[in-house]
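Report on one structure; see the data block that follows.
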Amino acid sequence: MTDTLPPQYFGSKPPKRRFWPSFRAGLRRRCPACHQGKSFAGYLKIADHCDSCAEPVGNIRCDDVPPYFTITIVGHIVVPLIVYTESRYHPPEWLHMAIWPALTLMLTLILLPYIKGGVLGAMWGLDITGHEHQGGPE
């Protein structure tokens, strides 16, 4: 493990964690520690460690928070659009069924990885791993 860390981390104090910069870096799917490296190994898979600074981010468990926030945000975008469109234009049912599920799916798939990155950055900035109440590793 120690041979994967850069030399500047030996014998020095860990950097102070700050919430907002870490959150913003997470929204960009970047490492919450150095803001440069990638914190994701795929579409939603969190990397074990940052490829730039070797900060371990793979132990942070976001679990159900990103889908919850994604559903909330997408719902607050799509539902007003549906209501406005129906009240203003009265399109046929088939048009509703063609547009809104597709838009909902598209927005969900686009927003989910960025929201998960933001949650990851926020959890790192607050020094939360998701194991606090499970008796797991800190």
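So for region 56-73 (the condition being in contact with an Asp or Glu (Cβ under 9 Å, 6 or more places away or on another chain), crowded, with 17+ Cβ neighbours inside 10 Å and not charged (D, E, K, R)), does at least one residue qualify?
Checking region 56-73: at least one residue is in contact with an Asp or Glu (Cβ under 9 Å, 6 or more places away or on another chain), crowded, with 17+ Cβ neighbours inside 10 Å and not charged (D, E, K, R).
Condition (residue is over 12 Å from the mean Cα position of the chain (by Cα) and assigned to a loop (DSSP other than H, G, I, E, B)) applied to region 25-33: is it met by at least one residue?
Checked against the condition, which is being over 12 Å from the mean Cα position of the chain (by Cα) and assigned to a loop (DSSP other than H, G, I, E, B), region 25-33 yields at least one hit.
Kindly provide the set of residues from region 32-75 that are among the aliphatic types (A, V, I, L, M) and either without any contact (Cβ under 8 Å) to a residue 24 or more places away in the chain or under 15 Å from ILE110 (Cα atoms) (or both), ordered by number.
ALA41, LEU44, ALA47, ILE71, ILE73, VAL74
So which of PRO101, PRO91 ends up being without any contact (Cβ under 8 Å) to a residue 40 or more places away in the chain, farther than 22 Å from ILE71 by Cα and not aliphatic (A, V, I, L, M)?
Just one listed residue meets the conditions, PRO91.
Scan LEU5, LEU81, LEU95 and give me the residue that is modelled with pLDDT under 95, among the aliphatic types (A, V, I, L, M) and farther than 23 Å from HIS131 by Cα.
Only one candidate passes the filter, namely LEU5.
Being closer than 12 Å to GLY121 by Cα and either outside any loop (DSSP other than H, G, I, E, B) or small (Gly, Ala, Ser) (or both) is the filter here; which residues of region 39-57 pass it?
Selection gives SER39, PHE40, ILE46.
Which of the residues that make up region 67-95 are touching a Ser or Thr at 6+ places or on another chain (Cβ under 8 Å) and part of a helix (DSSP H, G or I)?
Selection gives THR70, ILE71, VAL74, VAL78.
What about LEU107, is it closer than 28 Å to TRP20 by Cβ, over 14 Å from the mean Cα position of the chain (by Cα), of a type outside the set (Phe, Trp, Tyr) and surrounded by 12 or more Cβ atoms within 10 Å (Cβ to Cβ)?
In short, yes.
The values are calculated or read from the model by the stated rules, or taken from the named source; none is laboratory data. This one's a predicted model, so the numbers in the text were calculated from it and none came from an experiment. Every residue, glycine among them, receives a Cβ derived from its backbone with ideal geometry; neighbour counts consider all protein chains shown.
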